[in-house]
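Scroll down for the structure; my scribbles are underneath it.
The values are calculated or read from the model by the stated rules, or taken from the named source; none is laboratory data. The structure presented is a predicted model; accordingly, all values stated were derived computationally and were not measured. Here the Cβ positions follow ideal geometry from the backbone for every residue, glycine too, while neighbour counts run over all protein chains shown. Each accessible area value is taken on the protein alone, full model and side chains, heavy atoms only, with ligands, DNA and RNA left out. Shrake-Rupley method; radii C 1.70, N 1.55, O 1.52, S 1.80 Å.
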Amino acid sequence: MNIEFMRLALKLSTKGIGYTNPNPLVGAVIVKDNQIIGQGYHKNYGDSHAEIEALINATEDVSGATMYVTLEPCSHYGNTPPCTEAIISKKISRVIIGMTDPNPLVSGRGIKLLQDHGIEVTTGILSPEIEKLNEIFIKYITTSMPFCIMKTAMSLDGKISTPTGESKWITGEIARNYVHKIRHQVSAIMVGIGTVLIDNPSLTTRFPNYHGKDPHRIILDTKASIPLDAKVLNIESESKTIIATTNKADCSKLSKLRDKGAHIIITPLKDGKVDLYSLMTTLGEMKIDSVLLEGGSELNFSALNENIVDKVITFIAPKIIGGNSSKTPVGGKGIYNLSDAFIQDNISIEKLGKDIKIESYIRK
Ligand code: AOF
Ligand code: ZN
C-alpha cells in the first residue's frame, strides 16, 4: 500500500468541488505493478461514480490491480448501478478505501460485498482529510438537513460596520476571494432581508479569472418586502432565488415575485418571523445539502439559537472601528448566562493577506 496513491485520489476528488452536491467528492486511482493505470473522479451530480471513471480511463487490463478510492464503493442501485459490481467483474484484487460510506444505503455493505468475493480490503487511509473534505455530504446523508456555515467578517474590535452602517470592505481582497470559493462549494447562500435592503448584493460567485458555480440565493423575508428591482431578483443565473416568507406576506406581492422567477417557501411563524428550522428541513427536502449564512447579525443569532449552525468562518481585519452603535457579527437578544454561550471546537487559524481566517465547529 502506498499512501501517495490515496493522496492523488483525494486530489482528484477535489476537482468535483461545487458540482457533485448533494453527493460526495470521490476520487479513484488504479495501480498495477506500482504504476498508475487508471484515474477518475466524480464530476457532476448524477454522473458516473469515481470508481467507474477510473475503470473506463484505464489504459491496461485491470485484473489483479489495486484500486485506491477515497470512499467505500457503493453497493446499491441509485442514479447508477453499484460500483462493487464493476470492481468484482473487472477482477480488481485489492481495494484501499479512504472513508467508509456514511450513506445508510451503503455503510459497510460495499466493503462486505467486496470481501465476500475474495477482494482484499483496507480502510481508513487518509480518512481525517477525506472526511473533512466531505463534511457537507456526511451531515446531509445522515440527517437530511443542510450543513450550515456561518461566515462573518469583522474588524479587530469585532465590528461588522461603522456606526453609520458602512461595511464595504472591511477585509482585503484575498479574504473576499476566499468567500467566493466557499460560495462555489455550497448549494445555497442565505441572507436576511435587512442585508438586501442595505447592500443590495447579487450573491453570485465571482472569481478573478473564471466563473464559479452560483449557489441558490435564499432571502429571509417575513413580509415579502423585497423590492422588485433588487439585484437578486434581476440577475442571469443558472440557480434559483428563493424567498423564504410567512403568512404575513401579501399574496399579490408573492405572485409578482413568482412572475420574476423567484421560488417562494412559506414557513410557519417562529417568534413572528420565518421558522429557520422548518425552512432548513424544506431545503433539505429540495436536495440543498449546504447553506452559507452571509448575514446579518439578527439572522446569525437566530441560526445559532435554533442550533442549525455547524461551522463558523470568521475573517478578522487588522482595523479598529469603535463606536457603541457599530454592529457586531451576532446580534439578536444574545445569551444571558455565559454558561449558555455557543462553544466552538476544532479551531484552525490561517492568514489570508493581512486578514486572519478562523474556522471552527459549533459544539452540539
Ligand atoms: C457519488 N459519486 O463517486 C461515489 C458515490 O445518487 P447515486 O446513485 O449517484 O449514488 C450516490 C451514493 O453513492 C452516495 O451517497 C454514496 O453513498 C455512493 N458513492 N456517490 O455520487 C461517487 N463513489
Ligand atoms: Zn458507486
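Restricting the search to the stretch 135-172, which residues are more than 16 Å from ligand 2 (Cβ to nearest atom) and part of a helix (DSSP H, G or I)?
Residues satisfying the conditions are GLU135, ILE136, ILE138, LYS139, TYR140, THR142, THR143.
Could you say whether any residue in the stretch 308-325 is closer than 17 Å to TYR140 by Cβ, among the basic types (Lys, Arg) and in contact with a helix residue (DSSP H, G or I) (Cβ under 9 Å, 6 or more places away or on another chain)?
yes
Need the failing condition index for ILE174 against (1) surrounded by fewer than 20 Cβ atoms within 10 Å (Cβ to Cβ); (2) of a type outside the set (Asp, Glu); (3) out of contact with any Leu (no Cβ under 7 Å at 6 or more places or on another chain), just the number.
All conditions are met except number (3).
Please go through the stretch 43-54 and give me each residue that is under 22 Å from the mean Cα position of the chain (by Cα) and near ligand 2 (Cβ under 9 Å from one of its atoms), ordered by number.
Within the stretch 43-54, SER48, HIS49, ALA50 meet the criteria.
Being under 25 Å from the mean Cα position of the chain (by Cα), within 15 Å of ligand 2 (Cβ to nearest atom) and in contact (Cβ under 8 Å) with a residue 60 or more places away in the chain: is that true of ALA9 here?
Judged against the criteria, ALA9 is a match.
Output the residues belonging to the stretch 12-26 that are more than 16 Å from ligand 2 (Cβ to nearest atom) and in a loop (DSSP other than H, G, I, E, B).
Across the stretch 12-26, the qualifying residues are ILE17, GLY18, TYR19, ASN21.
Hey, could you check the stretch 245-299 for residues that are assigned to a loop (DSSP other than H, G, I, E, B) and of a type in the set (A, V, I, L, M) and say which is nearest to ILE17 (Cα to Cα)?
Checking each candidate, the answer is ILE288.
Given the condition within 16 Å of ligand 2 (Cβ to nearest atom) and in a loop (DSSP other than H, G, I, E, B), answer yes or no: does some residue in the stretch 27-42 qualify?
yes
Hey, any hits in the stretch 65-76 for a residue that's more than 30 Å from THR143 (Cβ to Cβ) and of a type in the set (Asp, Glu)?
Checked the stretch 65-76: no residue is more than 30 Å from THR143 (Cβ to Cβ) and of a type in the set (Asp, Glu).
Of everything in the stretch 55-72 that's more than 15 Å from SER93 (Cβ to Cβ) and within 16 Å of ligand 2 (Cβ to nearest atom), which residue is surrounded by the fewest Cβ atoms within 10 Å (Cβ to Cβ)?
My answer is ILE56.
Please enumerate the residues belonging to the stretch 308-364 that are over 17 Å from MET154 (Cβ atoms), open to solvent by 90 Å² or more (accessible area, probe 1.4 Å), part of a loop (DSSP other than H, G, I, E, B) and touching a strand residue (DSSP E or B) at 6+ places or on another chain (Cβ under 9 Å).
Of everything in the stretch 308-364, just one residue is over 17 Å from MET154 (Cβ atoms), open to solvent by 90 Å² or more (accessible area, probe 1.4 Å), part of a loop (DSSP other than H, G, I, E, B) and touching a strand residue (DSSP E or B) at 6+ places or on another chain (Cβ under 9 Å), namely ARG363.
Picking from ALA230, ALA249, which residue would you name as being open to solvent by less than 10 Å² (accessible area, probe 1.4 Å) and small (Gly, Ala, Ser)?
One residue alone meets the criteria, ALA230.
Pick out the one residue from GLU135, GLU129 that is open to solvent by 70 Å² or more (accessible area, probe 1.4 Å) and in contact (Cβ under 8 Å) with a residue 40 or more places away in the chain.
Answer to the check: GLU129.
Looking only at the stretch 77-92, how many residues end up being out of contact with any helix residue (DSSP H, G or I) (no Cβ under 9 Å at 6 or more places or on another chain), open to solvent by 90 Å² or more (accessible area, probe 1.4 Å) and away from ligand 1 (no atom under 14 Å from the Cβ)?
Within the stretch 77-92, residues that are out of contact with any helix residue (DSSP H, G or I) (no Cβ under 9 Å at 6 or more places or on another chain), open to solvent by 90 Å² or more (accessible area, probe 1.4 Å) and away from ligand 1 (no atom under 14 Å from the Cβ) number 1.
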